[in-house]
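The values are calculated or read from the model by the stated rules, or taken from the named source; none is laboratory data. What you are looking at is a predicted structure, and each value in this text was computed from that prediction instead of being measured. Glycine gets a Cβ as well: all are built from the backbone with ideal geometry, and neighbour counts include every protein chain shown. Note: accessible area is taken over every heavy atom of the protein model, side chains too, but ligands, DNA and RNA are not part of it. Shrake-Rupley method; radii C 1.70, N 1.55, O 1.52, S 1.80 Å.
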Amino acid sequence: MPRYHLTTFGCQMNAHDSERMHGLLGSLGYEEAPDRDGADLILFNTCTIRGSADERFMGNLGEAKRIKRERPDVVVAVGGCWAQSQKESVFRDFPFVDIAFGPGEVNRLGELLARERIQAVGAFTFDGRFSGDLPSLRERPHQAWVQISVGCNCVCSYCIVPSVRGRESSRPVEGVLDEVHRQAADGVVEVTLLGQNVNSYGRDLPASSRASFADLLAQVAAVPGIERVRYTSPHPKDIRDDVIAVHRDVAEVCPHIHLPAQSGSTRVLKAMRRTYDRDRYLALVDRIRDAVPDIALTTDLIVGFPGETDEDFADTLSLVQTVGYDGAYTFVYSPRPGTEAGESMDDDVAPEVKSERIAALIEVVQQTARGRLARHVGSVAPVLVEGVSRTDDSRMSGRTGHNVTVNFSGDATPGSIVPVAIEASTSTTLAGTLAAVAQPAGAA
Ligand code: SAH
Ligand code: SF4
Ligand code: F3S
């Protein structure tokens, strides 16, 4: 049996594409090798969102080059967003790479491999077809990702995603529901709907089969066996009241929204072309909290965008405190080729200023999150059990509806939702003990 080794970089979309690569390669008769040295096919699923993503990948690609020199029969394949961004030059700059394919071409991997075995082909076309219906090999048996759209129609000035993932295209409702039904039959209890901008879902579908994101959420939640529904990421500009109402009214839809703000400064938001300002973002947060007071809100924030002043940055810090995020991913701005900001805005915030700002931001994010997570101490939370804790094998680990990891003592079956008495918290995790499950009245 031929053996492959796959390394994944990037976001959940890429991780999910990798699940499909695993599934596809398995169905083609490949088995997984524990390391690259033992593989006949060295495969990378790449990311190019920031310069640091490119650098990390380059380090790994160097090892593939060495192996290819030692064993020229090895096939080196590079998929994902970096591959797409380099489609003009990849075979010239990295002659040891045999196959390159973009994120929309996972479904062509089999064909590309077959061609590679027969003859060395120099270049391929990137046709960006939708590959949502391929088999996938999930990492966790009870949790699954479901792709609902590909691409992004936004024009955030810093972002390379639209150029590597293309225009937004929604997957028809039936395809999504079929997959969720199959997953539920296979033991999945929690699904996460995936897209670059999930809540613009459906606008491109034909009128006869159109569904809004809120409709889709409710329909997925109604699939028998599905107990939890999550999604990522929404764009604040597209969260309508019907989505908020679904959070309020449908028990399976988790009390958590990842709401990328990017900046707290209206001036910077405008230059980023986010299409909302600070006040509109805060008004949205209020509408969400009016409907679901205890909801968890998390976000993405960028520091050091071109022209960001101390005052702009202070607005980002105060946004974190005003909203009271349960968590946040924080990034240092990185100019990307081909983006509006990368091409036409001066990357003028000094590196040491960027470092100071990211450190200060992380501090405030942690303080805020610690304060937020502490509210769970003393409560009993429903926890979807994932397995043995990674940090302490005498304990179990799982997640609350608010998407916080809980390490707890007591015996529980992975895939079940159990009550856990929360006893302690940090800025990112909770700890507790399995609570006695209430006995129905009359039971001995
Ligand atoms: N589609 C998603 C995620 C996009 S990438 C969304 O819009 O939420 C994830 C995050 O990476 C973004 O939210 C942004 O915070 C960050 N990011 C994107 N481009 C970046 C860049 N050039 N420099 C630094 N961070 C960036
Ligand atoms: Fe990038 Fe903006 Fe699209 Fe997110 S919404 S993928 S940040 S362009
Ligand atoms: Fe990276 Fe592509 Fe995701 S650039 S963040 S893997 S969409």
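Here are a few things to note about the model shown:
- Scalar couplings 3J(HN,Hα) for the stretch 367-382, obtained by applying the Karplus form with A = 6.51, B = -1.76, C = 1.60 to θ = phi - 60°, are 4, 5, 5, 4, x, 5, 5, 4, 5, 7, 5, x, 9, 10, 10, x Hz; x denotes Gly and Pro.
- Rounded, prolate or oblate (a/c below 1.5 giving rounded, otherwise prolate when a/b exceeds b/c) for the stretch 275-406 by Cα gyration tensor: prolate
- Averaging Cα coordinates gives a centre for the stretch 11-33 and one for the stretch 73-107; these two points are 16 Å apart.
- Lysines whose Cα lies under 28 Å from that of Lys237, excluding same-chain neighbours fewer than 8 positions away: Lys270, Lys354
- Stretchable slack from Glu55 to Ile362, in nm (0.36 nm times residue separation minus alpha-carbon distance): 108.2 nm
- Per-atom-type breakdown for the stretch 357-444 gives carbon and sulfur 55% of the accessible area (1.4 Å probe, protein chains only).
- Taking every C-alpha pair closer than 8 Å and separated by at least 6 residues, the mean separation divided by the residue count of the stretch 289-444 gives a relative contact order of 19 percent.
- Alpha-carbon centroids, the stretch 351-430 and the stretch 212-245: separation in whole Å: 24 Å
- All-pairs Cα distance distribution in the stretch 1-109, expressed in whole percent, bin size 10 Å: 15, 52, 31, 2
- For Ser425, neighbours were defined as the other residues whose beta-carbon sits under 12 Å from its Cβ, and their charges (Lys and Arg +1, Asp and Glu -1) total +1.
- For the chain, the relative contact order comes to 10 percent (Cα pairs under 8 Å, sequence separation of at least 6).
- Tensor-based shape of the stretch 122-266 (alpha-carbon gyration tensor, a/c under 1.5 rounded, otherwise prolate or oblate): oblate
- For Phe331, the amide hydrogen comes within under 5 Å of the amide hydrogens of Leu301, Ile302, Val303, counting only partners 5 or more places away or on other chains and with H modelled in the peptide plane.
- Cα gyration tensor, the chain - rounded (a/c under 1.5), prolate or oblate: oblate
- Amide H contacts for Arg274 (H built 1.01 Å from N in the peptide plane; partners 5 or more residues away or on another chain; cut-off under 5 Å): none found.
- Taking amide H as placed 1.01 Å from N in the peptide plane, Ala100 has its amide H under 5 Å from the amide H of Val78, each at least 5 places away in sequence or on another chain.
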